[in-house]
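All remarks here apply to the structure that follows.
FYI, it's all coordinate maths here, none of it is from the lab. What you see is a predicted model; the values in this text were computed from it and never measured. With ideal geometry, Cβ positions are generated from the backbone for all residues, glycine too; neighbour counts draw on all protein chains shown.
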Amino acid sequence: MNRVPGGNTPPLLDVRGLRKYFPITRGFFRRVVGHVRAVDDVSFIVRQGEALGLVGESGCGKTTVSRSILRAIEPTAGQVLYHTRVGQVVDLASMPGAELKPLRREIQMIFQDPFGSLNPRMTLLDNVGEPLLVNGIRSRRERVERVAELLRLVGLRPEFMNRFPHAFSGGQRQRIGIARALATGPRLVVADEPVSALDVSVQAQVLNLLLELQSRLHLTFIFVAHDLSVVRHICDRVAVMYVGQLVELGATEAVFARPCHPYTAALMRAVPVPDPRVASSDAMLQGEVPNPAAPPSGCYFHPRCRFAEDRCRREAPLLREVRPGHFARCHFAEELSLLQGV
Amino acid sequence: MPPTLTAAEARTAAEPLLSVRDLSVVFALDEGTVRAVDGVSFDVRPGEVLGIVGESGCGKSVTMKAILQLIESPGHITRGEILYRRDAARPRIIDLALLPPRGALMRALRGAEIALIPQEPMAAFSPVHTVGQQIIEAIMLHAHRRHPDGHPITRHAARAMTIELFRDVGISMPEQRVDAYSWQLSGGVRQRAMIAMALSCRPRLLIADEPTTAIDVTTQAQILTLLRELQRKYDTAIIFITHDLGVIAQMAHYVLVMYLGSVMEEGPVDDIFHAPKHPYTKALLRSIPSLYGEARSSLPVISGALPHPFNRPPGCPFHPRCDAVMPQRCAHAVPRLQPVGIGQQAACFLYHDPAEPA
């Protein structure tokens with residue numbers, strides 16, 4: 001797809017020091033006894049027109065980050081600076097709800113479950129047209145026209161608009177969900193695992209559609225996923241999360257060719273290769289993701305890391321630039337030529 | 001097995017543990033009939049991992065349920081045999097398809113000689129009993145698997161066996177974990193406990209139904225390694241059902257590719273991935289995004305969508321989406337499985353004799 005990856009375009013979104021702590025309460029008086037640090041000081045920039053992948057295992061905070069950007073969750077601290085269409089910079093994290101509302105048109109979401117995210121009692125016209133109605137397009141004729149156009153855009157026939165979601169397959173429903181997200185003409189689309197519920201043969205179609213829509217409509221994507229090969233396929237840059245923190249961030253090609261954090265390398269090794277001649281690595285990650293309410297000392301990854309030394313147990317590493325544009329949270333990022341070592 | 005035997009030769013050398021022949025399962029619903037499994041045949045040999053791969057609605061899970069006689073009404077087996085070869089008992093070969101699902105023999109086999117690792121261990125374990133209690137119960141119920149002389153196993157001994165099993169599947173602190181409830185365990189440990197339960201009665205055939213689909217990729221890698229190790233250690237035959245081609249490539253010796261209730265292609269794992277013959281297998285392999293492929297390129301796709309089970313296309317079930325379709329043949333007749341290599345078969349008219357009447 002011939003588009004300029006968002007290398008030098010201006011930022012659209014600037015997330016700074018984002019934190020979300022969920023309280024743990026106990027007893028009759030719901031006394032707060034601790035906090036789950038679901039997102040713990042996450043900062044990154046999303047440039048206009050790029051696709052940023054947010055990857056990690058369940059519980060790493062990737063969904064909490066994406067929901068905080070949409071203010072579906074109130075962040076505990078931090079800023080989500082958004083560059084609006086008219087050139088203003090606003091903080092989505094602290095804006096009053098009423099002021100936020102007009103901006104909601106510009107930031108939309110695609111959900112994971114194509115069966116749960118559409119209202120089964122509403123026709124496609126109403127499902128896809130609802131964002132239009134909410135945003136003040138009252139005339140039915142106008143809505144019908146716009147919905148027809150949206151359905152064509154995602155590869156569905158406009159005649160379908162009077163049917164209900166149950167008449168459609170998983171892949172078609174995901175297309176409907178995409179049409180709904182595009183209804184208000186958004187600039188930023190947050191897609192939370194948009195293809196993980198789909199069958200292989202349909203997944204490829206939806207990925208191609210997302211790539212095509214992005215270049216056609218100049219969309220910016222935040223793509224939340226656990227499937228590395230999907231992220232690799234669709235994203236310009238990738239951010240890897242572990243226990244609420246970013247552990248690596250960089251251009252997709254660079255991160256996949258030379259990961260600078262042992263967790264990223266382990267994550268890549270864990271993906272089963274669809275080739276029986278490539279033996280799966282036995283040097284895989286041991287243990288489990290730690291409890292985010294009581295993370296380990298020092299580097300959160302050290303109990304599972306093959307390269308861990310004393311320093312990793314004592315001292316928490318910072319996210320730092322290892323190579324231009326490539327960040328990693330590891331004391332030994334430079335020294336570990338990770339992929340060669342396994 | 002001597003190393004000179006090819007995989008295909010070794011396969012035919014051993015007598016199959018399970019032979020499924022022309023199995024058909026139909027669900028008679030008010031809206032219409034669904035042919036969930038339509039004339040499926042395959043063999044599982046001792047010590048072999050048979051992978052069944054396919055997308056949703058291909059019949060892979062229904063096949064598994066048919067073997068265990070767990071098909072719920074309105075579904076029923078309409079045709080075919082499920083021949084299971086026992087090691088000592090008489091008669092030696094029994095047809096599971098004819099057994100009453102709730103009868104004594106089926107209940108003696110299920111969970112004991114033929115065990116299941118389900119997809120969702122959260123749903124499979126009872127939340128009001130500890131995982132230990134549930135495994136101990138299985139061991140005591142099927143005591144003859146460990147003591148063929150009919151000697152019962154005491155609860156105390158069964159508990160010790162359970163702890164040993166937990167150690168075997170890599171659960172840390174097994175003495176404590178045995179008394180945990182399933183909801184107290186993490187996803188990975190819960191699936192390990194499920195594997196321990198499936199292995200508790202030393203099954204001869206293990207059916208793993210998407211055992212790693214609900215868990216994270218690093219945990220999945222651990223569970224797959226564990227299953228490979230246990231398979232080698234106990235030489236258990238496994239039917240491994242998944243939609244993930246990567247998992248199949250890493251686990252299976254022999255692969256069955258299913259689509260809409262029929263076997264499209266079968267063969268040794270290397271041939272399926274390196275010399276696929278059926279257009280569906282080829283298209284499926286092309287459409288998976290790779291960790292090493294070209295980024296941001298358009299993926300080759302299979303056109304169209306999976307048909308609704310009520311609207312099964314006539315002829316070859318894949319023909320409306322096939323890029324090598326021959327309209328005059330494929331839409332009118334169902335291709336049979338044809339040999340296309342050593343131990344490899346494909347159900348496609350491309351490999352039929354062109355002179356043969358369709």
> Which one of B:258, B:241, B:304 has its Cα pushed farthest toward the positive end of the charge dipole of segment B:222-322, where Lys and Arg give +1 and Asp and Glu give -1 at the Cβ?
Replying inline: B:304
>> Can you tell me how segment B:267-358 classifies by the Cα gyration tensor, rounded, prolate or oblate, using a/c under 1.5 as the rounded cut?
In response: oblate
>> Antiparallel versus total DSSP beta bridges in the protein assembly as shown: what percent is that, nearest 5?
In response: 65
> Once Rh is set to the Kirkwood radius over Cα pairs, what Stokes-Einstein translational diffusion coefficient, in µm²/s, holds for chain B at a temperature of 37 °C and a viscosity of 0.692 mPa s?
Replying inline: 151
> Which whole-number percent is the relative contact order of chain B (Cα, under 8 Å, 6+ apart)?
Replying inline: 19
>> Below 8 Å, C-alpha to C-alpha, sequence gap of six or more: please give me the relative contact order for segment A:117-185 in percent.
In response: 46
>> For q values of 0.12, 0.15, 0.18 Å⁻¹, compute log₁₀ I(q)/I(0) with the Debye formula on a Cα-only model of segment A:183-342, without solvent.
In response: -0.61, -0.91, -1.19
> What ranking of A:263, B:292 emerges when the number of other C-beta atoms within 10 Å of each C-beta is taken as an exposure proxy, fewest first?
Replying inline: B:292, A:263
>> For chain B, give me the percentage of DSSP beta bridges that are antiparallel, rounded to the nearest 5 percent.
In response: 65
>> Can you bin every Cα-Cα distance in segment A:117-185 into 10 Å intervals starting at zero and give me the percent of pairs per bin, rounded to whole numbers?
In response: 24, 61, 15, 0
>> Restricted to Cα positions, what overall size does chain A have along the principal axes? Three whole-Å values, descending.
In response: 68, 57, 44
>> For chain A, what does the relative contact order come out to in percent, with C-alpha contacts under 8 Å and a separation of six or more?
In response: 19
> Using the C-alpha atoms of segment B:205-256, what convex hull volume per residue, in cubic angstrom, is computed?
Replying inline: 73
>> Cut-off is 10 Å between beta-carbons; in what order do B:94, B:135 appear when sorted fewest neighbours first?
In response: B:94, B:135
> Cα convex hull of the protein assembly as shown: how many Å³ per residue?
Replying inline: 193
> Helix hunt in chain A: which complete DSSP H runs extend at least 20 Å axially by C-alpha with mean Kyte-Doolittle at least -1.0?
Replying inline: A:200-217
>> Within 10 Å of each candidate Cβ there may be at most 12 other Cβ atoms; applying that plus a DSSP loop requirement, which trypsin sites (Lys or Arg not before Pro) in segment B:61-158 survive?
In response: B:92, B:102
>> At 24 angstrom or more along the helix axis (alpha-carbon based) and mean Kyte-Doolittle of -0.5 or higher, what helices does chain B contain? Whole DSSP H runs only.
In response: B:217-234
> chain B: longest stretch without exposed GluC sites (Glu not before Pro) (DSSP loop, at most 15 other Cβ within 10 Å), sites themselves excluded?
Replying inline: B:73-293
